[in-house]
1. Could you please state, rounded to a whole Å, how far the C-alpha centre of region 171-220 is from the C-alpha centre of region 566-618?
2. Can you classify region 111-205 as rounded, prolate or oblate using the Cα gyration tensor, where a ≥ b ≥ c are the square roots of its eigenvalues, rounded means a/c under 1.5, and otherwise it's prolate if a/b beats b/c and oblate if not?
3. Quick one: check the C-alpha center-to-center distance for region 276-340 versus region 457-489, whole angstrom.
4. Let me know the shape class of region 195-319, please: from the alpha-carbon gyration tensor, a ≥ b ≥ c as square roots of the eigenvalues, rounded when a/c is under 1.5, otherwise prolate if a/b is greater than b/c, or oblate.
5. Check Gly70: other-chain or 5+ apart residues with amide H under 5 Å from its amide H, H built from backbone geometry?
6. Can you sort Arg316, Arg603 from fewest to most other Cβ atoms within 10 Å of each residue's own Cβ?
7. Please give the FRET efficiency for Ser86 paired with Ala158, using the beta carbon to beta carbon distance and R0 = 25 Å, rounded to the nearest 0.05.
8. Give the shape of region 16-205 as rounded, prolate or oblate, defined through the alpha-carbon gyration tensor: a ≥ b ≥ c are the square roots of its eigenvalues, a/c under 1.5 means rounded, and otherwise the shape is prolate if a/b is larger than b/c and oblate if not.
Amino acid sequence: MLVSSPPRPAVRRLDPVLVDRIAAGEVVERPAAAVKELVENAIDAGATSIEVTIQAGGRRLIRVLDDGIGMGPEDLALAVERHATSKLPEGDLDRIDTLGFRGEALPSIGAVARLSLVSRTAEAESGHGLVVDAGIKGPVRPVAAERGTRVEVTDLFAATPARLKFLKSDRAEAGAVAEILRRLAVAHPQIRFTLRGEGGAGLTFPAETGQGSWLRRLAAVLGADFAANSVPVSLEREGFALDGHIGLPTFHRAAATHMHFVVNGRPVRDRLLLGAVRGAYADVMASDRHPVLALALTCDPTEVDVNVHPAKTEVRFREPGLVRGLIVSAIHEALRREGGRASGSVAAKTLESLRPAQGPLLPLRRPDPPPAAPRGSGRVESFAQDFLGAPEAAEQPAGFADEAQAAFAGAAMPPGADWREPAPEPASPTHPLGAARAQLHETYIVAQTQDGIVIVDQHAAHERLVYERLKRERAAGGIARQLLLIPDVVELDPAEADRLAEAAGDLEALGLVLEAFGHGAVLVREVPAALAGGSVRALLADVVDVLQEGGADPLARRLDAVLSRMSCHGSIRAGRRLRPEEMNALLREMEATPLSGQCNHGRPTYVELKLHDIERLFGRR
């Protein structure tokens, strides 16, 4: 039995309204996308103040009011037509210097919602308005209006109800709108941005002008503490100029949402830029943390293609290697200049852990002094016991939890030292990291500065110092090596031994000389001089782990990772008692070493507490 095939449908042109609704699916995927397009139009119109109002996360209402140049009746009628724009006067797609240029935003929004436009130029006596309802354009009519443009979008996606099913909650959609405004505010500090929503929720970023205007805007967007914990960046190379502010390595976040990139005035989220930043911070920040920064890249418009994504959030550079190198070099230079400084957020967290959890500190009665500990014992029970006598739970001040105080219990001092009468030493508190006064738990160095105290993690700090020393030696022509008097044979898993043997040439450049020695073993002949005396077996185990984790990473990055792991074996271990001169030598070397404010894993190497903060803890202020 023959089965007849269904009739072949004829090719036909789609209805223009249906075409607009299909296009809207790419341009307007959610309320935040509509807000982005409308605000970018206002910026291109030269607005100095832009006000956005939303209801129900933007589904019920989006209103954008600006004081830009406005439009006359002819331009107003043409603006809601497909592919009509004022952004390409020469029709040159290779030289785009505006935010909008596709000519799709207004007709796409009008195709899926009710769109109302009111605009007036400075020369006109009155304004004009029109309405586009689900793709049906109404006539242009004279209306009373101030200079600028007012756009109202109501019942978004009413013409395409299926799209509403993919929207998130009103709260989440409002958050997405706020994020769009923040990114545009970072890119254009000279413009005032206002966001209004239900319940009084919203944002206001005043216009910033004059010296330091961009940093003030960044502080408003990224938080007031960003200015004090950031480093300026500025570098030019082959027609590209990079400016901005980057957060200190110890000032980081759990998500990448606090990284802002601006290319020729356009906020973007580009993989190349994100990868360059991650590479630049790889040495000083844990892989699961993200820096806080804002970078603005300026170049000739012909050097960057902004027409590679429907939402215009990604760009493509003609010379991606040049751009990546520019960003990495600029961040490295800035961090080496001020990377030895720890962020104020570290001290803030420390002070917060010491603050009373319930109510203010009660006045403390100073009891009779306890019997003095035998001199030379090198042991004190705790700061509280030295000042207040034997600890009793009922008399402990409220809020000083066991966890916060545990670090100060059983503080160990160098042999022969007395915490009441510190041994004289030549270091002066005028140094940036002060003069060492004590060692706690044979791990933490307490130093006195002119206006506070510094607590140093001796292992983390020395690990960074050893790492930087090894990198300097490698850059200078080779890491100093020490020949082992008796070569060390280390037995490993056969696969691990093979991996080390394959990397022997690269490891020799790092000061580690080894060779295969039968099945599942390697013979180590030389080690880096900075690591002499350590466990060769433990060192090789860590090197194998790094080589395995590195995978397809570039060779330079894998070698840096190996050096980082090596430096851990050559550093002062926690639990080692130091003499005062050793502690002060460590502090001086930290002051002279770039990036010493954090260890190789991104953790802070020291905490600085100002005297006025400590006095507030004790009710003196």
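Coordinate-derived values only; no laboratory data. Since the model is a prediction, treat every value here as computed from it, not as a measurement. Positions of Cβ are generated from backbone atoms using ideal geometry, with glycine treated the same way; all protein chains shown enter the neighbour counts.
1. 38
2. On the way: a/c = 2.58, a/b = 1.15, b/c = 2.25.
Oblate, because a/c is 1.5 or more while a/b does not exceed b/c.
3. For region 276-340 versus region 457-489, the Cα centre distance is 31 Å.
4. Values: a/c = 1.43, a/b = 1.17, b/c = 1.22.
Judged from the Cα gyration tensor, region 195-319 comes out rounded (a/c under 1.5).
5. The list, which skips near neighbours in sequence, is Gly148.
6. On the way: Arg316 13, Arg603 17.
If I rank by nearby Cβ atoms, fewest first, I get Arg316, Arg603.
7. Details: r = 28 Å, r/R0 = 1.14.
In this case the efficiency is close to 0.30.
8. Values: a/c = 1.33, a/b = 1.11, b/c = 1.20.
It comes out rounded by the Cα gyration axes.
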